[in-house]
1. For each pair in LYS243/LYS299; LYS24/LYS258; LYS243/LYS287; LYS99/LYS243; LYS7/LYS30, compute the distance between the two Cα atoms and list the pairs where it is over 19 Å.
2. Taking 8 Å as the Cα distance limit and 6 or more residues as the minimum spacing, I'd like the relative contact order of region 195-293 as a percentage.
3. Taking only the alpha-carbon atoms of region 1-60, what semi-axes of the equivalent ellipsoid follow from 5 times the gyration tensor eigenvalues under a square root, in whole Å, largest first?
4. Which entries of LYS124/LYS205; LYS35/LYS114; LYS11/LYS226; LYS205/LYS269 show an alpha-carbon separation above 27 angstrom in the structure shown?
5. If each residue's Cβ is checked for other Cβ atoms within 10 Å, how do CYS89, CYS70 rank with the fewest at the top?
6. Which aspartates and glutamates does LYS216 reach when only Cα atoms under 14 Å apart count, and residues fewer than 8 places away in its own chain are ignored?
7. Determine one quarter of the surface area of the Cα convex hull of the chain, which equals its mean projected area, and express it in nm² to one decimal.
8. Treating the angle as unsigned and between 0 and 90°, give the value, to the nearest 10°, between the Cα long axis of helix 171-180 and the longest Cα principal axis of the chain.
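Please treat every number below as a calculation from the coordinates, not as lab data. Being a predicted model, the structure only gives us computed values, none of them experimental. Cβ sites come from the backbone with ideal geometry, for glycine too, and all protein chains shown count toward neighbours.
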Amino acid sequence: MISLLDKINSKINIFIIHKSKNNKQFLPNKIINHKYLNNLVVYKFEKEINNYPNLYNAHVSEATYYRLFCHEYLPDLDSVFYIDADIICVNDPLSAIIKNTEDLLSSNFIFSSKTELTKEDENKEVFDRLELNSSRYFNAGVMNINLIKWKKLTYNYLELFENVGHKLNYWDQDLLNYLFDGNYLELDSGLNKVIDFSLYEYIKKLPSIESITSNKNFIHFAGSHKPWSVNGIMVNLSEIYHKEFRKISQNYFHITHKIRSYSIYVFYKNVVNLKFFRIENKILFLKDFIKSLFKVKIKVR
């Protein structure tokens, strides 16, 4: 949110659907009081659902499924621009969003998204598993949604969880591809530049931040290796995220752990293979790493 607000020059409204919060007081003051924030509303997700598919030991939470129910919470709007929480804004996206919204609302499509896969031999399994007839599969991390048409959808998602949940490796993204099967408007690629850190694990020469962010609006840190994981921080591109994190925190690095003992092992491994020495401000990393192991609460600004 802070990365988006700092890049734009017009006021916007932000809507959040949260598992437990129902007001914005948990957010940093730098966001709540930002000059380009017109209104911010937090809705507590009220549905009691116990059968979200494929969440056991996953790097995502049940919140990934909340977008399916967004129409039950949002006010009457023509459209809404959905953004995953693992996305950072690097350049002003408003003109591109406005252009895409105009195209969307004048079309017969319900939403626009960026194509992630086109059907090839190496990814044929995805199309076969979801029984897709089309030759393209989209990434649901960024979606421009015609909310008027979305509200008219009559899918029973709870029933779908039961009936096709076994097909869903990539959660609601798979479900949406299963339902729409290529029937979407293509999104400008700059509005969803996907980066998967696992692809950089064995690359010695990493791309520069400038080469990744040039002519892009949103950088999407997809996959299980996030910029705030110990493995992710070893990739230079994680600085895109931490630069924004420092605006709202007194910590220099944001570091989280699923299993602390595993994070210690990963840190040791990255010292041995010398990846640790890629990091600038190594002392600050060590300080924040130790604090994170002892679960010292992050202080926000």
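1. LYS24/LYS258; LYS99/LYS243
2. Value for region 195-293: 24 percent.
3. Whole-Å semi-axes of the equivalent ellipsoid: 29, 14, 10.
4. Among LYS124/LYS205; LYS35/LYS114; LYS11/LYS226; LYS205/LYS269, the Cα-Cα distance tops 27 Å for LYS124/LYS205; LYS35/LYS114; LYS11/LYS226.
5. By the 10 Å Cβ count, ascending, the order reads CYS70, CYS89.
6. Once the sequence-local aspartates and glutamates are set aside, what remains near LYS216 is ASP92, ASP188.
7. 16.4
8. 30
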